[in-house]
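One structure below.
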Amino acid sequence: MPPRVCRIKKLWRTSILVALLMVWGGCEEVLLEEPLISEVDREELVAAWEGTWVDENRDSTTIIRITEEQIGRVYLVQWAKGQFETAEFELHFAAGPDYRYVSFIVPEDWEGWYEKLAGYFLFTWHQNEEGKLVLAPARIEPFKAAVQEGRLQGKEEEWEDIPFKYLRLNETSETLLAFLKEIPHEEYFNYDEPMTLFPKTGQ
């Protein structure tokens, strides 16, 4: 089945972040009440994440820096409709035995979006041999099944004016990481349609 494409009738601001939520993440998202955080190797984060990146269409530029507190600071810029549009937000990182995770929240100044999507989007990530960052979004159905079975706490939500159906999980990082250790990631994360960031090298 081909992936569904979400449509927004009226969007006051566009950027790679919206593209990430609409296209790479799809129409169904898993949100966390709090960011997924654990001890991580800062040197690994700096080596993998710091730099200037472009999306596969090369229509947006993303600059990422890692703080001493191991938080990713992100600055996005895109030329759209005859003007520059920008967004800033933070990345939060966690690590399990075999997988790495990143979570982030919609910027607070996205009026109408932040109030409803006030949660952290969850991805696994890795850097491939070509230096690209590959982020696989969480799939809603297996996480929803885990909620229905009582293995996780959460609820499904949907808004008429926002083109996403999403599952909001209410778990601590410790509890969620313990759950993630036990699951088949290929079923719970969308590796078939990941988000890919390309290192910016020249024009």
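Every read-out reported here was derived from the displayed coordinates using simple, explicitly stated rules and does not represent laboratory data. These numbers were taken from a predicted model, which means no experiment stands behind them. Here the Cβ positions follow ideal geometry from the backbone for every residue, glycine too, while neighbour counts run over all protein chains shown.
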Checklist entry - What pairs in Lys81/Lys200; Lys155/Lys181; Lys81/Lys165 have C-alpha atoms more than 25 Å from each other? => result Lys81/Lys165
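Please compute the length gained on full extension between Lys81 and Lys181, using 0.36 nm multiplied by the number of residues separating them and subtracting their Cα-Cα distance. Each step should come with its number before you reach the end.
On the way: separation 100, 0.36 × 100 = 36.00 nm, distance 4.45 nm.
Answer, rounded to one decimal: 31.6 nm.
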Item to check | Computed FRET value (nearest 0.05) for Ile63 with Ser38, which takes r as the C-beta separation and R₀ as 25 Å | outcome: 0.50
Checklist outcome for this item: Expected sort for Leu32, Leu177 with the fewest Cβ neighbours (10 Å cutoff) up front is Leu177, Leu32
Checklist outcome for this item: Once Lys200 and Asn128 are pulled to full extension, the length gained, defined as 0.36 nm per residue separation minus their Cα-Cα distance, is 24.4 nm
